[in-house]
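For reference, the structure is listed below as structure tokens.
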């Protein structure tokens, strides 16, 4: 337990002068009564005694965590209380005066100080951890969010605190036995079979792991954000199968090493590694993809995500309206982290589709394993729904990525990005409608119909210019959540969890019946309802978008093994 682990932190020391390099400043300093304040908060974690601060640390890495408060002049010379809080998963813990961390219920009248009646000078410095390795004491695979606050007897009813925390990622133990390596070369013998599914048990089921495998020159700013985002996401959604995420700069020196690792990790039946390496496209363009498909679920799920736009696009910061190249790079770093969560969600989707909770087994439809050609036309394109409609697959993943990144960092750009994409979507719909091309969500179920409307074969002769499966699909999810708060559970977990049971009862139609069971209406009726909603004025559409506060406080039940 975190409480027990942090009870070991008897190393907490308080000083009235700075004894280390000043850590980074935290933004969003606020007061409980809404008054302006000149107080400033600084916090950082380092592996080298404050010489350089970082966001992410290995399982057994000894680190320091430092907090410094610059007290505003009007409070100097008085006494007050210093408060320290840590958010772990969804629970706040407050440091008490005995050095232990106790759960806090978010009620100010129950908040206890770490230091009471402190003499408030010009600054207060607090060392929370001193050369402490968190993993060995039971704290790993987590993002710790650290807040500080104080009050003064000059205004005892007020509280000055950090609105934005210091986030510290403590990674799980990652070894060569787990990461970037095949666990199976093929499916084991099925445990049981029925008329629709083959069911399997895998050796990793009781201990799935998360790996982020970095190749090439990837700035720590990006790798830290990606790892932190994925750690947070698995804490919220659950992890039913191993996941190997590959993060790469495709200008790396040894491209063969990377391709070899990917081909081994994502092995498929009857596909020798040499054949995979031969058929892998060259590493000279952006990559983003993820999943836990029926062919390779025996090795869990995974993703690829390249970071090269961080360098290539940021040089155009002025044209894009950013204040500096650094500001645009910061946006791209957050966007790359969001994309990594999006790709993880694809693995989450498919893992839940295959998993039968009552059996504690993974079931793969026989039609997928033995007759994949029946889902495709002569050009090997999907001419019918494969797994689930594309707008659900991509739209729910985009919704989940924005939702989870908003929960992780409410100050991030997610809500603004959703609104920007809505404006582009509405413009595209308006242009298409003006030439008689009536857009429906139902146009985005499978490959051949999507290719039709997005090409010159569109009945109007002009391709559509919207991201239908992503943006229209995400707004379908936003609409469902607004329609019924319980639908958040359906979007993130239950639709996917219901899929296997419904597929077994209705082969090749599980997606349709799962939608109706989860959301309470047929998918055909939903198309009519949602298409009518998207014809409303922009302000009415935008009115259903949750605020950052509503997103940050929303709850759902994660998947369970």
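Within segment 175-363, antiparallel bridges make up roughly 50 percent of the DSSP beta bridges whose residues both belong there. Here the chain carries DSSP beta bridges of which approximately 80% are antiparallel, counting only pairs with both residues inside. Under 1.5 on a/c is rounded, so check that first for segment 124-230, then, if it is not, pick prolate when a/b is larger than b/c and oblate when it is not; a ≥ b ≥ c are the square roots of the alpha carbon gyration tensor eigenvalues. Since a/c reaches 1.5 and a/b is larger than b/c, the shape of segment 124-230 is classed as prolate. Remark on segment 175-363: ratio of C-alpha radius of gyration to 2.2 N^0.38 Å is 1.11. Can you give me the Kirkwood hydrodynamic radius for segment 371-561, using every pair of distinct Cα atoms, in Å to one decimal? That comes to 17.5 Å for segment 371-561. Histogrammed with a bin width of 10 Å, the alpha carbon distances of segment 66-181 distribute as 12, 40, 29, 12, 5, 2, 0 percent, first bin at zero. Work out the P(r) tail for the chain: percent of alpha carbon pairs separated by more than 39 Å, whole number. Result for the distance tail: 33 percent. Taken over the C-alpha atoms, segment 311-350 has Rg and Dmax values of 13.2, 41 angstrom.
At an R0 of 35 angstrom, the distance between the Cβ atoms of residue 380 and residue 416 translates into a FRET efficiency of 0.35. How many angstrom lie between the C-alpha centres of segment 79-152 and segment 543-561? Spelled out, the Cα-based centre of one part sits 26 Å from the other. Expressed to the nearest 5 percent, the antiparallel share of DSSP beta bridges inside segment 234-305 is 50 percent. Dividing the helix sum by the residues of the chain, where each DSSP H run of 4 or more adds -39500 (n - 2.57), gives a mean residue ellipticity at 222 nm of -10000 deg cm²/dmol.
Quick note: the coordinates plus some simple rules give every number you see, no bench work behind them. Quick caveat, the model's predicted, so the values are computed rather than measured. All Cβ positions, even for glycine, are placed from backbone atoms using ideal geometry, and neighbour counts span all protein chains on display.
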